[in-house]
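Novice: The structure's right below; bear with me while I get my questions together.
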Amino acid sequence: MNAYALPTRPIRFGLFALVLMMALCTNLLAEMAGVRESINGYPCGYACKTPRPGDEIFLVSTRCLPGGCGWELPVEQVQVSQYLPGEGWVSIDWETFTQTQSPGGLTSVYVHGNWMDTYWAERRGWEMYHEMTRNLSMDQKVRHVMWSWPTQEQPKPLQTVRQHAVRADDDAFYLASYLMTIPTEEQVSISAFSLGSRVALGACHLMAGGALRGRALPEHETNVHGYRVALFSAGVTYSAIYPTGRNGQALDVIDRMYSAFNSADKILRFYKMATQRKGDQAAGSIGFSLAYDQRPKVEQVNAANVLGKEHSWDNVVCAYCLMERARDYLQWKEI
């Protein structure tokens, strides 16, 4: 054997190991950077803290605030932070947050779903920001608000879901109190996943003059445009926005609404156990029940073939067709 001949098998194994190691490192770095790829190669789940130049990012947290009974809730005690590139999150007071105008006349609010602690609420908020602004003209500046509310996981899942459902109505009041401070000529889009949809629709119902758990807003002006809303796997009852439903006035202040439901969702299948109402079903599972005159405002699509059986935000944010259509609503394009 030639002394200078290189052993082929060890080299092949070494090259294989090197390629495998590089692939693992690439995936690890991508995950650390907040980037995932879906099966079809659509880059999604981008959670990097990198706002576009001129955009404003806020994190609004009600986790320290009470819920429960009572006509009024301490809205002014909401914790607000603004993300400043190079500095990170900087705390500001409620008055400063609500009295400064957005940079471009467009405000986006994202409300996360269940089992989210502070870390995941922020991460999901960044993901929705990057999806909402994807392909958006750099001339259009955005104020993006991540709504963080107390839905962290607890030892007793079913009991916790019921408690969070009640809390969602409290946060609907907090969110509506914020919407009330936005200039009436501002274009506002609201997106929500799962139980966050109950917060979003409850807030719209209150803005339209409705009441939730004995609470109503003081007299106020309504947005001249209405709101654009996009819901994914909505964790609300299918009759919620029907005229006689618990959020029956919500569509009065909604310009257009997009709802992606999933008839294969294995979690929402047990929705009636959370509400304790026989025969109740989730809008995120079968779609919303609508009156005839409500239908022109609402677009519904069964995304079971895209989302599968999982009740997962990751699947939603990686579904190109769903996000592409949702952007039409959230970016206030012609529909």
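The values are calculated or read from the model by the stated rules, or taken from the named source; none is laboratory data. This structure is a prediction, so every number in the text was calculated from the model and none was measured. Reconstructed Cβ throughout: ideal geometry from the backbone, glycine too, with neighbour counts over all protein chains shown. Just so you know, the surface numbers come from the protein's heavy atoms only, side chains and all, with ligands and any DNA or RNA stripped out. Shrake-Rupley method; radii C 1.70, N 1.55, O 1.52, S 1.80 Å.
Novice: Output the number of residues of the range 276-291 satisfying the condition of being open to solvent by less than 50 Å² (accessible area, probe 1.4 Å) and under 17 Å from L195 (Cα atoms).
Specialist: 7
Novice: Let me ask something else. From the list A192, A168, which one is outside any strand (DSSP E or B), at pLDDT 95 or above, under 17 Å from the mean Cα position of the chain (by Cα) and buried (at least 18 other Cβ atoms within 10 Å of the Cβ)?
Specialist: From the options A192, A168, the qualifying one is A168.
Novice: Hey, another quick one. So which residues in the range 144-165 are without any contact (Cβ under 8 Å) to a residue 12 or more places away in the chain and either of a type in the set (K, R) or buried (at least 21 other Cβ atoms within 10 Å of the Cβ) (or both)?
Specialist: Listed by number, the list holds a single entry, K156.
Novice: Now for a different question. For the range 298-330, name all the residues that are over 29 Å from P243 (Cα atoms), assigned to a loop (DSSP other than H, G, I, E, B) and either in contact (Cβ under 8 Å) with a residue 40 or more places away in the chain or of a type in the set (A, V, I, L, M, F, W, C) (or both).
Specialist: Within the range 298-330, G308, K309, E310, C318, A319 meet the criteria.
Novice: Are any residues in the range 42-59 open to solvent by less than 50 Å² (accessible area, probe 1.4 Å), at pLDDT below 85 and not in a loop (DSSP other than H, G, I, E, B), and if so, which ones?
Specialist: Once the filter is applied, which keeps residues that are open to solvent by less than 50 Å² (accessible area, probe 1.4 Å), at pLDDT below 85 and not in a loop (DSSP other than H, G, I, E, B), the range 42-59 yields only C44.
Novice: In this structure, does M273 turn out to be in contact (Cβ under 8 Å) with a residue 12 or more places away in the chain and surrounded by 24 or more Cβ atoms within 10 Å (Cβ to Cβ)?
Specialist: no
Novice: Count, please, the residues in the range 261-285 that happen to be aliphatic (A, V, I, L, M), farther than 23 Å from D328 by Cα and part of a helix (DSSP H, G or I).
Specialist: Initial filter on the range 261-285 (aliphatic (A, V, I, L, M)): 264, 267-268, 273-274, 282-283.
Filter once more, keeping what is farther than 23 Å from D328 by Cα: 264, 267-268, 273-274, 282.
Imposing the further condition that a residue be part of a helix (DSSP H, G or I) reduces the set to 268, 273-274.
Within the range 261-285, residues that are aliphatic (A, V, I, L, M), farther than 23 Å from D328 by Cα and part of a helix (DSSP H, G or I) number 3.
Novice: To continue, here is another question. Taking the residues in the range 63-94 that are open to solvent by less than 30 Å² (accessible area, probe 1.4 Å) and of a type in the set (A, V, I, L, M, F, W, C) as candidates, determine which candidate is modelled with the highest pLDDT.
Specialist: V80
Novice: Can you find, within the range 123-137, the residue that is farthest from S191 (Cα to Cα) among those that are open to solvent by 30 Å² or more (accessible area, probe 1.4 Å) and in contact (Cβ under 8 Å) with a residue 40 or more places away in the chain?
Specialist: Only one residue fits best here, namely N135.
Novice: If E334 meets every condition in (1) part of a loop (DSSP other than H, G, I, E, B); (2) in contact (Cβ under 8 Å) with a residue 40 or more places away in the chain; (3) open to solvent by 30 Å² or more (accessible area, probe 1.4 Å); (4) under 16 Å from I254 (Cα atoms) apart from one, which number is that one?
Specialist: With respect to (1) part of a loop (DSSP other than H, G, I, E, B); (2) in contact (Cβ under 8 Å) with a residue 40 or more places away in the chain; (3) open to solvent by 30 Å² or more (accessible area, probe 1.4 Å); (4) under 16 Å from I254 (Cα atoms), E334 is out only on (2).
Novice: Are any residues in the range 313-331 modelled with pLDDT of 95 or more and of a type in the set (S, T, Y), and if so, which ones?
Specialist: Result: Y329, single match.
Novice: Consider R325 carefully, then state whether it is farther than 22 Å from T107 by Cβ and either touching a Ser or Thr at 6+ places or on another chain (Cβ under 7 Å) or open to solvent by 20 Å² or more (accessible area, probe 1.4 Å) (or both).
Specialist: For R325, the condition - farther than 22 Å from T107 by Cβ and either touching a Ser or Thr at 6+ places or on another chain (Cβ under 7 Å) or open to solvent by 20 Å² or more (accessible area, probe 1.4 Å) (or both) - is not met.
Novice: Scan the range 209-260 for residues that are in a loop (DSSP other than H, G, I, E, B), among the aliphatic types (A, V, I, L, M) and closer than 24 Å to N114 by Cα and jot them down.
Specialist: Start the filter on the range 209-260 by keeping residues that are in a loop (DSSP other than H, G, I, E, B), which leaves 209-211, 213-214, 216-226, 233-236, 238-249.
Those left that are additionally among the aliphatic types (A, V, I, L, M): 211, 216-217, 224, 234, 236, 240-241.
Selection gives A211, A234, V236, A240, I241.
Novice: Conditions: (1) crowded, with 18+ Cβ neighbours inside 10 Å; (2) farther than 19 Å from R228 by Cβ; (3) hydrophobic (A, V, I, L, M, F, W, C). V109 meets all but one. Number of the miss?
Specialist: Evaluating V109 over (1) crowded, with 18+ Cβ neighbours inside 10 Å; (2) farther than 19 Å from R228 by Cβ; (3) hydrophobic (A, V, I, L, M, F, W, C) leaves (2) as the failure.
Novice: Can I ask one more? Kindly indicate whether S239 is open to solvent by 10 Å² or more (accessible area, probe 1.4 Å) and either charged (D, E, K, R) or in contact with a helix residue (DSSP H, G or I) (Cβ under 9 Å, 6 or more places away or on another chain) (or both). First the steps, then the outcome.
Specialist: Values: open to solvent by 10 Å² or more (accessible area, probe 1.4 Å): yes; either charged (D, E, K, R) or in contact with a helix residue (DSSP H, G or I) (Cβ under 9 Å, 6 or more places away or on another chain) (or both): yes.
Yes: the conditions hold for S239.
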